[in-house]
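Since the structure comes first, as C-alpha cells, the remarks are kept for the end.
The values are calculated or read from the model by the stated rules, or taken from the named source; none is laboratory data. Worth saying up front: this structure is predicted, and the values here are computed from it rather than measured. Note that we place each Cβ from the backbone using ideal geometry, even for glycine, and neighbour counts take in every protein chain shown. With ligands, DNA and RNA removed, areas are computed over all heavy atoms of the protein, side chains included. Shrake-Rupley method; radii C 1.70, N 1.55, O 1.52, S 1.80 Å.
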Amino acid sequence: MAVTKVVVLHGLYMSGFVMRPLCERLEKLGFDILNLSYNTLTPDRHAIFEQIDAFVAGHDAALVCHSMGGLVARDYLTHNSAASAAISKVITLGTPHKGSYIAKHMHDHGFDMLLKNSVEYLLSQQQNWPFKAKLYSIAGDLPIGLMPLLKKGSRSDGTVLLDETKLQGMAEHKIFRLSHTTLIYSRTVLDYIVDILERNTNFT
C-alpha cells in the first residue's frame with residue numbers, strides 16, 4: 001500500500017507558508033496534502049494532533065517535517081492515537097532529534113523568552129526511534145548560520161549539528177550540501193522525498 005496523504009510540518013518561527021513550494025510539488029504528483037500551520041512558541045498539542053488525526057483518517061500517510069516539525073511529529077506518534085497507526089513514514093529535514101545545541105545555548109544564557117514553550121521539544125534528548133513508522137532523516141552540511149560561531153569545527157547546516165539529526169533505529173540518513181533553510185527548497189531534496197514517498201510501505 002502506497003502513501004496517499006502527507007502531513008507537512010514547518011519549523012521554529014515559521015508557518016506553513018514556507019512549505020508551500022514543497023507542498024505544491026507533492027500535490028502535482030497526486031498526494032493529498034495537509035500543510036499544517038501552528039504556533040511554534042506555544043504549540044497546542046491537542047489542536048495539532050486533532051488536525052492530523054482527522055486528515056489521516058485511516059489512510060496510509062506520511063509526515064514530512066522541517067526542523068522542529070520533526071520533534072512535533074515524534075510527539076504525535078508518542079501520543080499513539082488510533083489514527084497515528086496509519087503513519088508509515090516520517091521524513092525530517094534538519095530536525096535536531098537529539099536536542100538543539102543552539103536552543104540549549106539560548107536557554108543557558110537566559111534567552112528563554114525567545115523560545116517560550118518550544119523548549120519542551122528543542123531541549124529533548126532522544127537517542128533512538130522506537131516507532132513502527134520508518135524515519136528518514138535528511139541533513140545539511142553547509143554551515144551558513146550561527147553554529148560555526150558557537151561550536152567551531154563542528155559539522156552542521158548552520159543551525160543544526162549533523163550529529164543531532166541521527167538516531168538509532170532510523171531507516172535512512174542522507175546528507176546534502178545545503179544549509180538549514182535551503183533544505184526545504186532544494187529540487188534534489190524534493191526528488192529524494194518523492195522517492196521515499198513512492199516506495200511501497202513495509203512496516204517490517
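Things worth noting here:
- Residue in the range 135-148 that is in contact with a Lys or Arg (Cβ under 8 Å, 6 or more places away or on another chain), more than 30 Å from Thr4 (Cα to Cα), of a type in the set (A, V, I, L, M) and part of a loop (DSSP other than H, G, I, E, B) present: yes
- Filter result for Ser154 (more than 23 Å from Met19 (Cβ to Cβ) and hydroxyl-bearing (Ser, Thr, Tyr)): yes
- Test for Glu120: is it open to solvent by less than 20 Å² (accessible area, probe 1.4 Å) and either acidic (Asp, Glu) or more than 25 Å from Ala62 (Cα to Cα) (or both): no
- Some residue of the range 186-201 being in a loop (DSSP other than H, G, I, E, B), modelled with pLDDT under 95 and open to solvent by 60 Å² or more (accessible area, probe 1.4 Å): yes
- A count restricted to the range 147-164 and to residues that are touching a helix residue (DSSP H, G or I) at 6+ places or on another chain (Cβ under 6 Å) and open to solvent by 90 Å² or more (accessible area, probe 1.4 Å) stands at 1.
- Among all positions in the range 65-88, there is no residue which is more than 26 Å from Leu178 (Cβ to Cβ), in contact with a His (Cβ under 9 Å, 6 or more places away or on another chain) and open to solvent by 40 Å² or more (accessible area, probe 1.4 Å).
- Some residue of the range 95-104 being open to solvent by less than 10 Å² (accessible area, probe 1.4 Å), of a type in the set (Val, Ile, Thr), touching a strand residue (DSSP E or B) at 6+ places or on another chain (Cβ under 8 Å) and within 18 Å of Gly145 (Cβ to Cβ): yes
- Every residue from the range 55-89 that is part of a strand (DSSP E or B) and within 17 Å of Arg45 (Cβ to Cβ): Leu63, Cys65, Ile87
- Residue, surrounded by the most Cβ atoms within 10 Å (Cβ to Cβ), within the range 123-136, restricted to residues that are of a type outside the set (A, V, I, L, M, F, W, C) and touching a helix residue (DSSP H, G or I) at 6+ places or on another chain (Cβ under 8 Å): Tyr136
- In the range 31-50, the residues that are open to solvent by less than 20 Å² (accessible area, probe 1.4 Å), free of Cβ contacts under 8 Å to residues at least 60 places away in the same chain and in contact with a Phe, Trp or Tyr (Cβ under 7 Å, 6 or more places away or on another chain): Ile48, Phe49
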